[in-house]
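Everything on this sheet refers to the single structure shown next.
Derivation of every value follows stated rules applied to the coordinates shown; laboratory data play no part. Remember, it's a predicted structure, so these values are computed and weren't measured experimentally. Cβ: placed from backbone, ideal geometry, glycine included. Neighbour counts: every protein chain shown.
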Amino acid sequence: MMTMAQTLKQFWIDLNNAIDARLSLRESLNLIAKNPNRIWRFTEAINSINGEVGQGSLFYKALAGHPEFFGEMEVALIRAGEMGSVLESTIGRLASNPSCTKSGEYKNFYVSLGICCFSGMSILNSLEIAGKFCSGSLKKAIDGIQLAIFEGKFLSEAMASSGVFCNEEIEMIDVGENTASLDNTLRCLADLC
């Protein structure tokens, strides 16, 4: 029997694999629920989520109904993926970058910001979502970055002014902004954390 952390990580991997195999979301959830190695409460939650999706609920709303398994970060990222019509890619990124602990706060920041940007959200909205999962000096820096962007600065300029990001990170963000590949740059930064 897997632990809950292993179950959640495996859920995103299995969901990504099933969707890559061109199964629908409902078919994928049904297949995942049949895995006998899952914790029974989790299997019940997956069946409930599948039923809600079958009745027309958005996937993120169905996940939000099970906060004992799916945190605010996963729900917010899935919401961004659904709203931006890039749900499959969002699931793929969650499969390769499961949520980290507080020590991985910068990784979480880059992962969530990258997914939101990829989904087509504005940088301000993306920062708002990514900032919800940060605390302390990083959260304060994100608040300042949002204000600077609102005032017309580029993300790289705003990050440089914050004092919490190193020059290499800022340079990578600058290149991402100038080459229209910011989401890929953010994914690379998450991998480096």
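Worth a mention:
- Per the listing Ala33, Ala18, the residue uniquely in contact with a Ser or Thr (Cβ under 9 Å, 6 or more places away or on another chain), crowded, with 19+ Cβ neighbours inside 10 Å, free of Cβ contacts under 8 Å to residues at least 60 places away in the same chain and over 18 Å from Ala64 (Cβ atoms) is Ala18.
- Of all the listed residues (Leu31, Leu23), the sole one being over 19 Å from the mean Cα position of the chain (by Cα), assigned to a helix (DSSP H, G or I) and aliphatic (A, V, I, L, M) is Leu31.
- Only one of the numbered conditions (1) surrounded by 15 or more Cβ atoms within 10 Å (Cβ to Cβ); (2) of a type outside the set (Val, Ile, Thr); (3) under 18 Å from Phe70 (Cα atoms) is violated by Ser119, and that is (3).
- Some residue of the range 136-151 being basic (Lys, Arg) and farther than 25 Å from Asn16 by Cα: yes
- With respect to being surrounded by fewer than 19 Cβ atoms within 10 Å (Cβ to Cβ) and closer than 22 Å to Asp191 by Cβ, Lys153 falls outside the description.
- Selection within the range 173-184: residues that are assigned to a helix (DSSP H, G or I) and under 21 Å from Ile129 (Cβ atoms). The member of this set that is nearest to the chain's Cα centre (by Cα) is Asp183.
- Among the residues of the range 150-161, those that are among the hydrophobic types (A, V, I, L, M, F, W, C) and under 17 Å from Phe109 (Cα atoms) comprise Leu155, Ala158, Met159, Ala160.
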